Amino acid sequence: MDPSPGTAGTTQGGFDPGQAAALLDQATQRARRTFTPLTPLLFAFRAVAALVVFGGIWLSVRGQHPYTGHISGWAVAVAVVLVGTNIGWTARAIGHAGTGVSGPAQRKWQAWTGIMVAAWVIGYLITAPLYLDASSHPVWGLYPASAPLLVIGLATAVAAAAFRYRALAGTALGIALTAAVAGFGGPAGSWLIVGIGLCAVYLGIAAFTARAQHRSVVLP
Amino acid sequence: MTIELDPLIHVPTRLRIVATLAALPDGDALSFTRLQNILALTPGNLIIQLRKLEEADYICSTKTGNGSTQKTTVAMTSKGRAALGAYTQALRDLLSGLDIDPAFPATTTPSASALPLLAHSCGLERCT
């Protein structure tokens, strides 16, 4: 068999069931990788980025007695670079996966993307002033790591469930759960717990996505 | 028992086409250009294979615009998805009967001399 490009009609050379099954799996898996915007590699990057960003912030605030919540410039710089990289990578991946694709599912995905962007932007835009005005809002001031993520995680979990994106709903619930647990870690410790928790959640969804992409369509 | 493999799908190029289109959610379509890029086929070759699949109502194509702005999109029909499902099940039955591992077809499939016999016993003579 020659499954290489432009080999229409190679059945004359013998295309047995084993070869057909291998080609079917190969083509399906490649198509899944092509049309999946949020790849396992992107999720793995997010896992590392979350650990580095929140871990860096924890390093910069852990020695504060009393806790002031002041984050070092280098930790902010690292966060800006990694969050910016994540946004750029995600936008590029979504654009590439959706090129040439049209239809109801594609429109649904675009709507979901808009909701996600709005949730993250609004979530942090609302909580940032509350954090800066910590004296009158102690919860937001003391727990900037967990409070916004709890709200965003729960909101996006509800939205993902409504869109029937089960894996993303699970991810969002994982984020919300991480934020809830981090609330018990104290002002400084919550940063580290969020970093480790998000890392675990994103590694989990990376493994789930990779497994889904490589699942055989022929073998049960 | 004779297991039939759909001769329309049981061709490497067409199998790759239907597998690619079936990976899209039901109802979504793919532009001709993107499909061509994914499969690395020549336009002529792809048109020929798509025409055969469209004649069988396995796929449907839609043209929008005109002249240089004309764009063709291709989508799998429900009949096509059902046909691919039946084809996959037939493959599964064949492989379980023959104990062939699709991950290593080159090393575990019968020898070339045994292929005509295999094709005959499986009802594959129609698509060879």
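General remarks:
- Distance between the modelled labels on B:Thr62 and B:Ala82, one decimal in nanometres: 2.2 nm (7 Å Cα→Cβ projection).
- In sequence order, region A:96-104 has phi-based couplings of 5, 5, x, 4, x, 9, 9, x, x Hz under the Karplus curve 6.51 cos²θ - 1.76 cosθ + 1.60, θ = phi - 60°, and Gly or Pro positions carry x.
- Each Cα pair under 8 Å and six or more residues apart adds its separation to the average, and for chain A the resulting relative contact order is 30 percent.
- Placing dummy labels 7 Å off each Cα toward the beta-carbon, the span from A:Val76 to A:His96 is 3.3 nm.
- Neighbour-count ranking [beta-carbon atoms within 10 angstrom, fewest first] of B:Lys71, B:Lys63: B:Lys63, B:Lys71
- Among B:Arg14, B:Arg92, A:Arg166, the order by Cβ neighbours within 10 angstrom, fewest to most, reads A:Arg166, B:Arg92, B:Arg14.
- Label-point gap, in nm, between A:Arg211 and A:Thr85 - each point 7 angstrom along Cα→Cβ: 2.8
- Packing-based ranking, highest mean first, of B:43-52, A:42-51 given that Cβ atoms within 10 Å are counted: A:42-51, B:43-52
- Taken residue by residue and averaged, Cβ atoms of other chains lying within 10 Å of the Cβ of A:49-58 number 0.
- Amide H contacts under 5 Å for B:Ala29, placed H, 5+ residues apart: A:Ser102, A:Gly103
- Anisotropy class of region A:157-220 from Cα gyration tensor, a/c 1.5 cut: oblate
- The helix-based estimate of mean residue ellipticity at 222 nm for chain A, built from -39,500 (n - 2.57) per DSSP H run of four or more residues and divided by its residue count, is -25500 deg cm²/dmol to the nearest 500.
- Taking every residue in A:96-109 and counting other chain Cβ atoms within 10 Å of its Cβ, the average works out to 5.
- Among A:Tyr202, A:Tyr124, A:Tyr165, the residue with the largest mean-square fluctuation in a Gaussian network model of chain A, with springs joining Cα atoms closer than 10 Å, is A:Tyr165.
- Estimated vicinal HN-Hα couplings, Hz - region A:77-82 in sequence order (Karplus 6.51, -1.76, 1.60; Gly, Pro = x): 4, 4, 5, 4, 5, 6
- Database remark: amide H of B:Ile59 closer than 5 angstrom to the amide H of B:Glu54, B:Thr77 (H placed geometrically; neighbours at sequence offset of 5 or more, or on other chains; Pro and chain starts carry no H).
- Sorted by Cβ density within 10 Å, fewest first, the residues A:Ser146, A:Ser216: A:Ser216, A:Ser146
- Partner chain coverage, peptide B:47-53 - average Cβ within 10 angstrom: 1
- The 3J(HN,Hα) values that the Karplus relation (6.51, -1.76, 1.60; θ = phi - 60°) gives for region A:159-164 are, in residue order, 5, 5, 5, 5, 7, 6 Hz. Gly and Pro appear as x.
Where a number appears in this text, it was derived from the coordinates with a stated rule and is not lab data. It should be emphasised that the depicted structure is a prediction, and the values quoted were computed from it without experimental measurement. Glycine gets a Cβ as well: all are built from the backbone with ideal geometry, and neighbour counts include every protein chain shown.
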